[in-house]
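First comes the structure, then the notes that go with it.
The values are calculated or read from the model by the stated rules, or taken from the named source; none is laboratory data. Remember, it's a predicted structure, so these values are computed and weren't measured experimentally. Please note: Cβ atoms are built from the backbone with ideal geometry, for glycine as well, and neighbour counts cover all protein chains shown.
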Amino acid sequence: MADQPDPLEITETSRGIVIAVQAQPKARRPGIMGIHAGRLKVAVSAAPEHGKANDAIIRLLAESIGLKRQQVELTAGASSSHKRFLLIDVDRITIKNRIDSILHEARISQ
């Protein structure tokens, strides 16, 4: 029997959805890499200095999930690899479906 992927840690708030992210700065290949220990693993080529990696993660999440840059806000973990991002004005089902689709496409292209 195949292992089931870890479920993504998602919290609903009055402003939107908060997701847990495992950041991987200075990656060769940027993108959403999967789910590990309840966190969405996001790789970016930017270095983790002066907020560059955080900004790159925000841009990548917004573009990948189909949100405006202003709808993605870092809420915790600015200097940590474990981060939390608020996705504003979206619901849990929409985000879960979009992330599932991204991960499915990533598996097909490998």
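Just one of the numbered conditions (1) touching a Lys or Arg at 6+ places or on another chain (Cβ under 8 Å); (2) modelled with pLDDT of 95 or more; (3) closer than 16 Å to R84 by Cβ is not true of E9; which one?
Failed condition: (2).
From the set of residues in the stretch 41-89 that are closer than 19 Å to T11 by Cα and among the charged types (D, E, K, R), which is surrounded by the most Cβ atoms within 10 Å (Cβ to Cβ)?
K83
Going by the structure shown, is I10 in contact (Cβ under 8 Å) with a residue 40 or more places away in the chain and surrounded by fewer than 18 Cβ atoms within 10 Å (Cβ to Cβ)?
So I10 passes the test.
Can you tell me which of L61, L67 is touching a Leu at 6+ places or on another chain (Cβ under 8 Å), within 18 Å of H36 (Cα to Cα) and without any contact (Cβ under 8 Å) to a residue 60 or more places away in the chain?
Of L61, L67, the one residue that is touching a Leu at 6+ places or on another chain (Cβ under 8 Å), within 18 Å of H36 (Cα to Cα) and without any contact (Cβ under 8 Å) to a residue 60 or more places away in the chain is L61.
Go through (1) touching a helix residue (DSSP H, G or I) at 6+ places or on another chain (Cβ under 7 Å); (2) within 19 Å of E105 (Cβ to Cβ); (3) hydrophobic (A, V, I, L, M, F, W, C) and name the single condition A78 misses.
It fails just one condition, (2).
When you scan the stretch 20-66, how many residues do you find that are among the β-branched types (V, I, T) and in contact with an Asp or Glu (Cβ under 7 Å, 6 or more places away or on another chain)?
1
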